[in-house]
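In what follows, a structure is listed as structure tokens, so that the remarks can point back to it.
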């Protein structure tokens, strides 16, 4: 049975870490827990897809509003365990995120994806997403 839920307890957050570490390998479990807890205080959510008591896919997202896009759901991170990719887990979690955006009255769903993540780009394009802008960053440290 597949279950999608929000990580509320430290135990649930830490269960998500091995999957998220595949996308964010520089983080330790302790750093991950601290960052997630701080982000949750600011309105971020950590969702996970679980099948057979194993987490298969995780996502962090925020509900925001700006002048350019109105109310929108922004996906910070979306990753499926490498060993079980291409089995539909990411698609199910993505569809859940779209439903969450609709349920929250959002006009759009947005995310950024690293330029080197070609497989992820194919995944997002197959889900009907468009490449709408370039994201620029300036490192301050």
field: Proxy reagent accessibility, fewest Cβ within 10 Å first, across 16, 44
entry: 44, 16
- request: Only Cα pairs under 8 Å and at least 6 apart count here; give the relative contact order of region 2-126 as a rounded whole percent.
  value: 22
- request: Starting with the fewest neighbours, write out 96, 89 ranked by other beta-carbon atoms found within 10 Å of each beta-carbon.
  value: 96, 89
- prompt: By counting other Cβ atoms within 10 Å of each Cβ, how are 86, 57, 113 ranked from fewest to most?
  reply: 86, 113, 57
query: Points 7 angstrom from Cα along the Cβ direction at residue 138 and residue 118: gap in nanometres?
result: 3.3
Shape metrics for the chain, restricted to C-alpha atoms - Rg then Dmax, Å: 14.9, 45
query: If you take the beta carbon distance between residue 65 and residue 130 as r and set R0 to 22 Å, what does 1/(1 + (r/R0)^6) give as a FRET efficiency, to the nearest 0.05?
result: 0.60
query: How much length, in nm to one decimal, is gained on full extension between residue 52 and residue 12, taken as 0.36 nm per residue of separation minus their Cα-Cα distance?
result: 12.9 nm
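Readers should treat all values here as calculations from the given coordinates under stated rules, not as data from a laboratory. Keep in mind that this is a model prediction, so the values were computed, not measured. Ideal geometry is used to build each Cβ from the backbone, glycine not excepted, and the neighbour counts take in all protein chains shown.
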